[in-house]
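Step one of this worksheet: look at the structure below.
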Amino acid sequence: MMGDNHSDIYTRLDPHGEVLAQRYSTYFAPTLKEAPAEAEIVSHKLLIRAGFIRRLAAGIYSYLPIGLRSLRKVERIIRGEMNRFGAREVLLPAVQPAELWKESGRWDQFGPELLRIKDRHDRDYVVGPTHEEVITDIIRREVRSFRDLPLNLFQIQTKFRDEIRPRFGLMRGREFIMKDGYSFDLDEVGAERSYQAMFNAYQNVFRRCGLKFAAVEANSGPIGGSYSHEFMVLADSGEDAIAFCPQCQYAANLEKATAPAYPITPGPIGQPLDKVYTPNCRHVPELARYLNVPEASIVKSLLFFDAQKNPLLVLIPGHREINLVKLRDALDGFEPTLASPEEAEKIMGVPMGYVTPIKAQTRIWADQGIERLKSGVAGAGEKDYHYLNAEVDRDFQVNQFLDLCLVEANDPCPKCGQPLDIKRGIEVGHVFKLGLKYSKALGATVTAADGSESLIVMGCYGIGVGRTLAAAAEQNHDPDGLVWPLALAPFQVALLPLQIQNPNVLAAAEELLDKLTAAGVEVLYDDRDVRPGVKFKDADLLGLPLRLTVSEKTLEKGGAELKNRADRVVVTLDLAAAPTEIVRLIKAFLAPS
RNA sequence: CGGGGUGUGGCGCAGUCCGGUAGCGCAACUGCUUUGGGAGCAGUGGGACGGAGGUUCAAAUCCUCUCACCCCGACCA
C-alpha cells in the first residue's frame, strides 16, 4: 500500500457513491489568503476563501468540488428526513410555460422577480421561482380519488428569483438551490397532520445539520392557530429579527410578533383639555423634553394612505415604533404609504408634529396601547401647540383599536408574560399551509368518499439548501477559518504528512489513509509538497473537524497527532490505534442524540 | 427602484484631487537555501487602468454617456 497504487483511494466510495478521500495535490480546492472585496459577512468571505464557491454574476454562484461535497451532505440530510416522513421525491422542470402561471394568476401578481423568457417561437416561459403551479398541474391530472391522498412530494432543485437585491453570497442568491415540498390532503385535519409531519422533519433536518435554530411563528392570524412557521438559524448577521421568550417556547418573527401588553402608564381621567405652547416640538423626543413628560404619554399621530388613497390616521404611543407589516395585514395586504410632510400638512391643515386626532375628519386607527393610555399629550391641530389630557373617547374617537406596534426587547411574552428577548436569525426554512389557493385556481379535486367533488387542501414546505450551508458557516467559524459541524464537513479528517520526502513519514501517512478509507472515513489527504505551515493554515481554513498529522516528530513519539478543530484539543495516538480511535470519535459525534 | 460606494496584472490595494502612457504586497514561473503554523534570497513573466465617446501636444487621472459589482431600504428559501 504505497505510492504505486495512488488511484486506489478513488475506488473507495461511501454508501452514497461519493469518493471517500481526495489527494490534495490533484484535487481542485483553491484557497485564498485574502477575502475578496465583494464579500461582506464572515460566511461569504470564508466560503470563498476556502474554495467552496465562486461568484459568476450578482447572486449567481458556482460550487467548487469541496463546496459541493458539503452541499450534498445538506441535501442528503434533507432527503433522508423527507423520505422518513413519507414524502416522495420528484424532479420538476425549471422552465415552465407561462400558461400555467396565467392560470394561477401569478403571471400578473409576481412582478419583476419572476424571470420571464421566450423561446424561438416567441412563446412565454418562466424560470421557476417555485413550483406550486407545476406540482398542482400534475396532481390535477393524476389524482382522482380521496384514496390517493394524502400525498406529499418534494424535490431539490435550482430556482431562480430575480431578487431586487441579492446579497451575502449564498445567503440571498438569485439562483439558489431549494428543497420545495408540497402536501395534498382531503381535508383540513389531514392538512394539519401533514403540516405537523413536515414541521417535525424540519426540526430533525436542522438539528442534524448541527445548527442552533428556532422555529418561529410567522403568521399568528386572528382566526386562531398559526399557519406558517419559519425556521431561523440564530446569527447576528441574520436579516430577520426574532422575538424570543426565554421562559416558554414562544418565538416569532419580529414583524409578526404580537405586542399586546407592553407597559404603559395610563394618564389621568377627568382632567380638562389643556392647550399649551410647544414651539419647535415636531418630534416626540423634543416634545417630551419640553413638557417634561415621558414619551409614553404622548399620542403619536401618523398619516397614511390606504388602497383607495384615502387618508388614515394611525395613533401609537410616543415611545413605540409602528409595525408596517401589521398595518399592511390590517389593510388586507395593501402596502400603506406614509404621507409626506407636505401631504400631511395639506390634508390636516397643520405641520407634521401638530396633527391631532381631535375633531379629525379622517378615519382613525390606534394601537391598543392608546386604549390603555386613557389620556395623554396630543397635537392641538395648530402650529406650536399641543393639548394635555387629551382623553380617548371623550376628546377623540378611534374607529378601531389594533395591535400595530413593533415588539421591543423586554416586552412581556404574549404567552407567559416573561420579558422577551430579541435576536437575529437567518431564515433557512418555511412551512406553510396553502389551503385551497392553488387547487381552486387550477381545479385540483378528488372524489370524496360520499361521491362529492372535493378541492385538495395543500401545504408547501421550503428549505434553502445553499443558505443552510451558509448559515452553518455563519454559525461555525473562528479567526482561522471555518469550523464545520461533522455532519456538514466536506471531509471528516485532514490527514497531513509534513515531510513527504521522508519515506517513513510518507509510508505511515499512506497506511493511515488506507486504513481510514477502508473504515469508511472521509479524508482530505494533503500530499502537497509545501511547507507545514501552509498545510495547517489550509486545514484550519477549510474547517475539517479532525486533523491527523504525521511527521518525523510524531513518529519519534510513536505515532500521529490528532487535533480537534473546534476545541483545539491535541492528542498523540499510536499509529496502529489511530484509525480505530478516529472511527470511534466520528461515530460518537454522528450518533443520534 | 431610491440612496451611498467601487471598478487599475489571478487576489488585495496605492496612484485619480494638483494630467506627462503604471506601482506595491500576495500568488505564478526559474534557481539556490529552507522545512511543525501561509519561508528567505536572487531572477522572470504578466496589466495600458470596466467600456464608449470627448477635451488636450499628452488622460488611469478632466468631462459626458454606459456597463458591472458591492453596501443601506421594500421581498423572500
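The values are calculated or read from the model by the stated rules, or taken from the named source; none is laboratory data. If you're wondering where the values come from, they're calculated on a predicted model, not measured in any experiment. Because the Cβ atoms are built from the backbone with ideal geometry, glycine has one as well, and the counts that use them run over all protein chains shown.
Applying the selection to region A:21-35, what residues are in a strand (DSSP E or B) and within 14 Å of RNA strand B (Cβ to nearest atom)?
none
With respect to residue A:193, is the statement that it is without any contact (Cβ under 8 Å) to a residue 40 or more places away in the chain, surrounded by fewer than 17 Cβ atoms within 10 Å (Cβ to Cβ) and more than 16 Å from RNA strand B (Cβ to nearest atom) true?
Taking the combined requirement at face value, the residue does not satisfy it.
Spot the failing condition for residue A:481; the list is (1) buried (at least 24 other Cβ atoms within 10 Å of the Cβ); (2) within 30 Å of residue A:178 (Cα to Cα); (3) within 8 Å of RNA strand B (Cβ to nearest atom), and only one is missed.
Against the list (1) buried (at least 24 other Cβ atoms within 10 Å of the Cβ); (2) within 30 Å of residue A:178 (Cα to Cα); (3) within 8 Å of RNA strand B (Cβ to nearest atom), residue A:481 comes up short only on (1).
Can you run down the residue pairs with Cβ atoms below 8 Å, 6 or more apart or on separate chains, where the first is in region A:28-54 and over 19 Å from residue A:488 (Cα atoms) and the partner is within 6 Å of RNA strand B (Cβ to nearest atom) and at pLDDT below 95?
Matching pairs, first to second residue: A:40/A:167; A:40/A:168; A:41/A:168.
Yes or no, residue by residue, for (1) among the acidic types (Asp, Glu); (2) in a strand (DSSP E or B); (3) over 30 Å from residue A:182 (Cα atoms):
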{"residue": "A:343", "(1), (2), (3)": "yes, no, yes"}
{"residue": "A:356", "(1), (2), (3)": "no, no, yes"}
{"residue": "A:361", "(1), (2), (3)": "no, no, yes"}
{"residue": "A:376", "(1), (2), (3)": "no, yes, yes"}
{"residue": "A:379", "(1), (2), (3)": "no, yes, yes"}
{"residue": "A:389", "(1), (2), (3)": "no, yes, yes"}
{"residue": "A:426", "(1), (2), (3)": "no, yes, no"}
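Tally up the residues in region A:261-282 that are closer than 28 Å to residue A:403 by Cα and surrounded by 15 or more Cβ atoms within 10 Å (Cβ to Cβ), please.
6
Checking residue A:321 against (1) within 15 Å of RNA strand B (Cβ to nearest atom); (2) over 30 Å from the mean Cα position of the chain (by Cα); (3) within 22 Å of residue A:391 (Cα to Cα), only one condition comes out false. Which one?
The single condition residue A:321 does not satisfy is (2).
Do we have residue A:149 as closer than 18 Å to residue A:86 by Cα and of a type outside the set (Ser, Thr, Tyr) here?
It is true that residue A:149 is closer than 18 Å to residue A:86 by Cα and of a type outside the set (Ser, Thr, Tyr).
When residues of region A:274-308 are filtered for being out of contact with any Leu (no Cβ under 8 Å at 6 or more places or on another chain), of a type in the set (Ser, Thr, Tyr) and in a helix (DSSP H, G or I), how many remain?
1
Tell me whether region A:67-82 contains one or more residues that are away from RNA strand B (no atom under 15 Å from the Cβ), of a type in the set (Ser, Thr, Tyr), part of a helix (DSSP H, G or I) and crowded, with 20+ Cβ neighbours inside 10 Å.
Yes, some residue in region A:67-82 is away from RNA strand B (no atom under 15 Å from the Cβ), of a type in the set (Ser, Thr, Tyr), part of a helix (DSSP H, G or I) and crowded, with 20+ Cβ neighbours inside 10 Å.
Note down all Cβ pairs under 9 Å where the first residue falls in region A:406-434 and is free of Cβ contacts under 8 Å to residues at least 24 places away in the same chain and not assigned by TED's automatic domain parsing to the domain that holds residue A:324, the second is within 16 Å of RNA strand B (Cβ to nearest atom) and part of a strand (DSSP E or B), and they're at least six residues apart or on different chains.
Pairs found: A:409/A:243; A:409/A:422; A:410/A:422.
Is at least one residue of region A:240-251 among the aromatic types (Phe, Trp, Tyr), out of contact with any helix residue (DSSP H, G or I) (no Cβ under 6 Å at 6 or more places or on another chain), farther than 15 Å from residue A:379 by Cα and not assigned by TED's automatic domain parsing to the domain that holds residue A:218?
Looking for residues that are among the aromatic types (Phe, Trp, Tyr), out of contact with any helix residue (DSSP H, G or I) (no Cβ under 6 Å at 6 or more places or on another chain), farther than 15 Å from residue A:379 by Cα and not assigned by TED's automatic domain parsing to the domain that holds residue A:218, one finds none in region A:240-251, hence no.
If a residue counts only when it is assigned by TED's automatic domain parsing to the domain that holds residue A:187 and surrounded by 20 or more Cβ atoms within 10 Å (Cβ to Cβ), which strands (runs of 3 or more DSSP E) contained entirely in region A:99-164 have at least 3 such residues?
A:151-160
Could you say whether any residue in region A:108-126 is within 16 Å of RNA strand B (Cβ to nearest atom), of a type outside the set (Val, Ile, Thr) and modelled with pLDDT of 95 or more?
No: zero hits.
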